[in-house]
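One structure is given below, encoded as structure tokens.
The numbers here are math on the coordinates, done by the rules we state, and not lab data. Not measured: the values here are computed from a predicted model. All Cβ positions, even for glycine, are placed from backbone atoms using ideal geometry, and neighbour counts span all protein chains on display.
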Amino acid sequence: MAKIIGAVLGYYFLGGALGAIMGYFVAGLFSRGLHSNLRNSYDLHSHSSDIFFATTFSLMGYMAKADGHVSEDEISQAEVLMAKLGVKGQKRTEAIKYFQQGAAADFDMQAVLAKFVSAARFRADLKRNLLMFLVEMAIADDDFHASEEAVLRRVASAINIEMRSFERMVEMLKAQRSFAGGAHQASSADELSTAYKAIGVSPTATDKEIKRAYRKLMSQHHPDKMIARGVPEDMLAMATEKTQEIQAAYDIIERSRK
């Protein structure tokens, strides 16, 4: 169809049969180039998602054995987290495989991260998502071990995320977990202080600044946005829970300001 349209346009604008032929071939070249770019874009996105999935679960296994061994509790926790993320079926089998690779004695974390960085290229959002998922996994049992933090700092450094940004992320995610379930009321000054940390703003921030920070967080965790940033669909169940936590924190701040 594109070639026919090109031929017609060439006939009218360039004149005669020669113009039609030129229009036909130019349209063909354009069409092939467009299809090639779309295919390459899809392949790159699919590759990024696969790398993200493999890197996340292998590093999860590495964190589990950071204290010297992988305990039964850590294995159980890994399975709970897979369910929380929404990983099931064949993907769950793959996740377990990557987890075991990460927990193996010969696991090369730097090589895995180098491969991830190469795939992510200039995708700061994809790098941030990787670190965010790993922090969520580390704090899921409400006990952030020093060995886990040490691994996460190494990950942040390898993917070029500043330590200050990493520490701020940890503070925010810990605060957001305080609102798991969404059923909270502004019952104490401590809870309100935690709500501000969950949104990532100061108690002295203006209403406009708070709303902007809230909308940015909700956008970051929207499933469609996360897929566009390279997070596999099989890992999006947690996004719904995160938006509920953020919403609960924001509601407390809003009520306190009325």
Computed magnitude of the charge dipole of segment 162-258 (debye, nearest 20; Cβ of K, R +1, Cβ of D, E -1): 360
For segment 162-258: relative contact order, % (alpha-carbon pairs under 8 angstrom, 6 or more apart): 40
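Count the net charge of all other residues whose Cβ sits under 14 Å from the Cβ of Arg177, scoring Lys and Arg as +1 and Asp and Glu as -1.
-4
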Förster-model FRET efficiency, 51 Å R0, Arg215 and Asp106, C-beta, rounded to 0.05: 0.70
Relative contact order (%) - segment 85-183, alpha-carbon pairs under 8 angstrom, separation at least six: 23
